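First comes the structure, then the notes that go with it.
The values are calculated or read from the model by the stated rules, or taken from the named source; none is laboratory data. Because the structure is a prediction, the values reported are computed rather than measured. Heads up, the Cβs are rebuilt from the backbone with ideal geometry, glycines too, and the neighbour counts pull from every protein chain shown.
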Amino acid sequence: MTAAHLNQANFADYIVIGCYGLLMAMVGIYVMRFNRGAAEYFKGGNRIPWLVAGLSSFMAGFSAWTFTGAAGVAYKAGVAVIGLYIGNALSFLLGYFIFAARWRRTRITTVMEYLGARFNSTTHQTFSWSMVLFQIFTGGSTLYGLSLFISSACGFPISWTIGVSGALIMFYCVVGGLWAVVLTDFLQASILMPFCLVLVMASLAAVGGIGGLLHSLPPEMKTLHLTGEFGWIYLVCWTVMVSFGYNTSAMAQRYFSVEDESAA
């Protein structure tokens, strides 16, 4: 079986992709009934279960890069790639012990509302428009990474993949509000986690278990070799950025959405 054949998606793959996209759109349409005002639209009326909000926060740290770019870093730098995910763990610990309850205690609807109340309208407007510009580039880079993955697997043009994916995401987010965001994240986690477990077990079985994996690794990949592109400076800066970055506006919205501070 050739590599080209392995990379070729079949009819069943296209059906799965189509059904998945349809499911995401249907979620947005279904939860539209929950949105009777700004509080429901932006923070789920404080009725989102903590498990759903928590998994949504967890999934916010995932992208196609996790399975493509990160895999490349692991192949190049070995166990040093684990260091890139230390910040993710710290971000949830900081959220649990420091930020979650405090964000929920504010009893506001959006982070921008907090900035206006805490400072002034100028700060509110400046930060709002800055975030719009920042999110355009962030969303664009995320869609590009996703489109590269889908295009290489299915043969779709990258530009068309970006357009269709972006339109689908925009549709269910605009129609369904935060309910649509957290429920689609929850569904994605329900699919992704079992898949990852199966992938890990199948991969270990293919190389002869953990012992076979460690035996086949080259010596330089068995140590925390932090030099060159992924050195200590890079690792420390990345960890600090992710630790605090994952507790800003995107995560705060999940903290707002639950019933009380203990749920947050």
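Could you please let me know if Ile158 is farther than 22 Å from Val27 by Cβ, of a type in the set (A, V, I, L, M) and at pLDDT 85 or above? Yes; evaluated as a whole, the condition is true for this residue.
Restricting attention to segment 77-111, the residues that are touching a helix residue (DSSP H, G or I) at 6+ places or on another chain (Cβ under 7 Å) and closer than 19 Å to Gly45 by Cβ add up to 8. Does Ala74 qualify as being more than 14 Å from Tyr255 (Cβ to Cβ) and either in contact (Cβ under 8 Å) with a residue 12 or more places away in the chain or in contact with a Phe, Trp or Tyr (Cβ under 7 Å, 6 or more places away or on another chain) (or both)? Answer is no for this residue.
Among the listed residues Phe171, Phe195, which satisfies the condition of being in a helix (DSSP H, G or I), surrounded by fewer than 14 Cβ atoms within 10 Å (Cβ to Cβ) and over 15 Å from the mean Cα position of the chain (by Cα)?
Working: Phe171 fails: surrounded by fewer than 14 Cβ atoms within 10 Å (Cβ to Cβ).
None of the others qualify; the one that does is Phe195.
Whenever a residue of segment 34-59 is on the phi > 0 side of the Ramachandran plot, its partners that are among the hydroxyl-bearing types (Ser, Thr, Tyr) and in a helix (DSSP H, G or I), lying with C-beta atoms within less than 7 angstrom and at least six residues away or across chains, give the pairs Gly44/Ser257; Asn46/Ser257. Filtered by the rule that a residue be under 24 Å from the mean Cα position of the chain (by Cα) and among the aliphatic types (A, V, I, L, M), segment 203-220 gives no residues. Of the helices (runs of 4 or more DSSP H) lying entirely inside segment 1-109, those carrying at least 3 residues that are within 21 Å of Leu192 (Cα to Cα) are 11-31, 50-59, 64-67, 69-77, 86-94.
Can you confirm whether segment 191-208 contains a residue that is of a type outside the set (S, T, N, Q) and modelled with pLDDT under 85?
The answer is no; no qualifying residue exists.
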